[in-house]
1. Within segment 268-294, restricting attention to residues that are in a strand (DSSP E or B) and among the small types (Gly, Ala, Ser), which residue is farthest from Arg346 (Cα to Cα)?
2. Condition check: closer than 26 Å to Phe334 by Cβ and free of Cβ contacts under 8 Å to residues at least 40 places away in the same chain. Does Pro106 satisfy that?
3. Considering only segment 482-491, I want to know if a residue exists there that is among the aliphatic types (A, V, I, L, M) and under 17 Å from Phe422 (Cβ atoms).
4. So which residues in segment 548-560 are under 18 Å from Val474 (Cα atoms) and not hydrophobic (A, V, I, L, M, F, W, C)?
5. Considering only segment 109-131, how many residues are without any contact (Cβ under 8 Å) to a residue 60 or more places away in the chain and either outside any helix (DSSP H, G or I) or within 33 Å of the chain's Cα centre (by Cα) (or both)?
6. Output the number of residues of segment 288-310 satisfying the condition of being touching a Lys or Arg at 6+ places or on another chain (Cβ under 8 Å) and more than 23 Å from Thr374 (Cα to Cα).
7. Go through (1) at pLDDT below 90; (2) surrounded by fewer than 19 Cβ atoms within 10 Å (Cβ to Cβ); (3) within 23 Å of Gln180 (Cα to Cα) for Arg22 and report which single condition fails.
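The values are calculated or read from the model by the stated rules, or taken from the named source; none is laboratory data. Since we're looking at a predicted model, the values are computed, not measured. Cβ sites come from the backbone with ideal geometry, for glycine too, and all protein chains shown count toward neighbours.
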Amino acid sequence: MWSSPHNAMRDNPDSPADIPPRMLVVEVEHWSAIAAGLDPATPAAVVFVGRITALTPAAAAAGVRTGMRRRQAQSECPALELIERDPDLDARRFAPVVAALEDLTPRVEVLTPGCCVVATRGPSRYYGGDEALAELVRQTAAGVLADAQTGATISVGIADGLFVAGLAARLASTRAPSTQVLVVPAGASAAFLSRLSQRTLAGAFSPLGDDPDAASDFTDVLGRLGLRTLGDVAALPVTDLIGRFGTQGEWAHRLASGRDFRLSQPAAAGPELSVETEIDPPADRLDTVAFAAKSLADQLDAQLTRLGQALVCVEISAETEHGETASRRWRHGFRFSPPDVVDRVRWQLDGWRSDNRSRPSGRISLIGLAVAETAPDEGRQLGFWGGQSEADERAERAMGRVQALVGFDGVTVGRLGSGRRFADLEQRLPFGTTGQADSSTAGASNTAGPRGTGASNTAPPWPGRLGAPAPAEVLAEPEPLVVLDANGEPVGVSGRAQVSAPPAVLRRADGRASAITAWAGPWPLDERWWSSRSRRQARFQLVLDDGTAHLCAVEGGRWQREATYD
């Protein structure tokens, strides 16, 4: 769930502040695949946190779609080549396109590598209207990428507000290459949106899309309620949506009605805020500059928090020891966090240093951050039963980077499985996946829960499974033991679960012996009795004279320690 719109807009929905300004969105489709140099004729895709984010035309023809899980995409196209997304590479390769657009208008804002936003009020008048501006922007971007022979699809959309303009750009990408421009007339947003699917509320240009999984769940509920299009959502009384979904429903109603309340003018920034720091001695390493930028981003975030504002658009400037300067604006679909700002600083400087036209000749001596636009910060309300926080998002980005370095299977998360043994409860999956785990685990459930939690959604009533308390430690490999009675004879269990004698001594493989002060059991376990892989086991809880408690089992006359209790 998300914070509600500004109260003034809510109280007066027809106020001028509620009329979205005209925006232009230019997007290069599947930019990550183009930046990575993937061959369009080869089935290949880019993966980020276990999901497909970009793909080649050959992969699309084979049935792969963006948003698919890694394993699902590979099942659709077994020959699919996968590479991990490199945000730094995406930004560095996109920098020449941004520089070319900045020659047309200085008010270019980078939303993500591969997508830029321009407020059209001034440029549109200068170049002769929205249609002329859109075509000029498309041709300029195409001219930069023509030498690379990437076959990139470049689409441009102009409409009232970022949400509608972004959707117009997406629809324009489906047109013929020479007509990939779509201009929605002023005031016609509601009619344009009315026929679009309700799932577009979970897209990249929607503030509801900040958490893709949560937004997808929300749009799925809308679909099950019979709201198939944005027109259906807009036709409902806003009070009904608020009563059912809270502020998330209010956001959805306003977006579906074409009233994107996110302000888009620099004047919305309010108090002029900027921070800068000198780097002495000047730095030639990006990580050194990023470290300094982290402190600045934290300072700026603290200032805005005291003012009750959230950072939406930031201008990053840098200066070298030779006096060379570079500045650029970066926009966020919802709000910037300090790590987001640091990422933009690194991307901008990396692109500056790789630009043959304006490459700096000296080291970075100054870095500055200036607020270009803010929005009222009314907080982000998570659900009562959990939800994704900014800390979760930072952790996901960090794990995604580690995964790109060590490989997809190198970073795993635990997942609560199901089964009769405690060893079945803990399963390991590659980070970012919620698909099937190792099916060889006996009795384990293969249905995972929400991404990042590793929780299982199924809990069958497994007969023979021990109840609470669960042990604190489950051994990956059981430890062999010898359990003796008071006469020094091995303790056994009959087929009817009868103990030959009370266990009195536990002897480990290294010869150490401990007295058993208390015990409980046996609890028989009979698995797959109908097959050749049948297993019979009797489990005991043993308390030793040193105060430790263990879960032990006897199988085939051999004892072993499987777990330890706290």
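1. Here is the first cut: in segment 268-294, the ones in a strand (DSSP E or B) are 274-283.
Subsequent filtering for residues that are among the small types (Gly, Ala, Ser) retains 274, 283.
Details: Ser274: 18, Ala283: 13 Å.
Once the filter is applied, the top-ranked residue is Ser274.
2. Details: closer than 26 Å to Phe334 by Cβ: yes; free of Cβ contacts under 8 Å to residues at least 40 places away in the same chain: yes.
Against the criterion (closer than 26 Å to Phe334 by Cβ and free of Cβ contacts under 8 Å to residues at least 40 places away in the same chain), Pro106 qualifies.
3. Taking segment 482-491 and keeping what is among the aliphatic types (A, V, I, L, M), we get 482-484, 486, 491.
Next cut, under 17 Å from Phe422 (Cβ atoms) only: none.
Looking through segment 482-491, none of the residues is among the aliphatic types (A, V, I, L, M) and under 17 Å from Phe422 (Cβ atoms).
4. The first filter runs over segment 548-560 and keeps only residues under 18 Å from Val474 (Cα atoms), leaving 548-555, 559-560.
Once the filter is applied, which keeps residues that are under 18 Å from Val474 (Cα atoms) and not hydrophobic (A, V, I, L, M, F, W, C), segment 548-560 yields Thr548, His550, Glu555, Gln560.
5. 2
6. Going through segment 288-310 one residue at a time, the tally reaches 1.
7. (2)
Per-residue answers, yes or no, for (1) basic (Lys, Arg); (2) modelled with pLDDT of 80 or more; (3) closer than 30 Å to Ser365 by Cβ:
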residue: Gly223; (1), (2), (3): no, yes, no
residue: Gly231; (1), (2), (3): no, yes, no
residue: Ala235; (1), (2), (3): no, yes, no
residue: Arg244; (1), (2), (3): yes, yes, no
residue: Glu250; (1), (2), (3): no, yes, no
residue: Ala256; (1), (2), (3): no, yes, no
residue: Ser264; (1), (2), (3): no, no, no
residue: Ala269; (1), (2), (3): no, no, yes
residue: Lys294; (1), (2), (3): yes, yes, yes
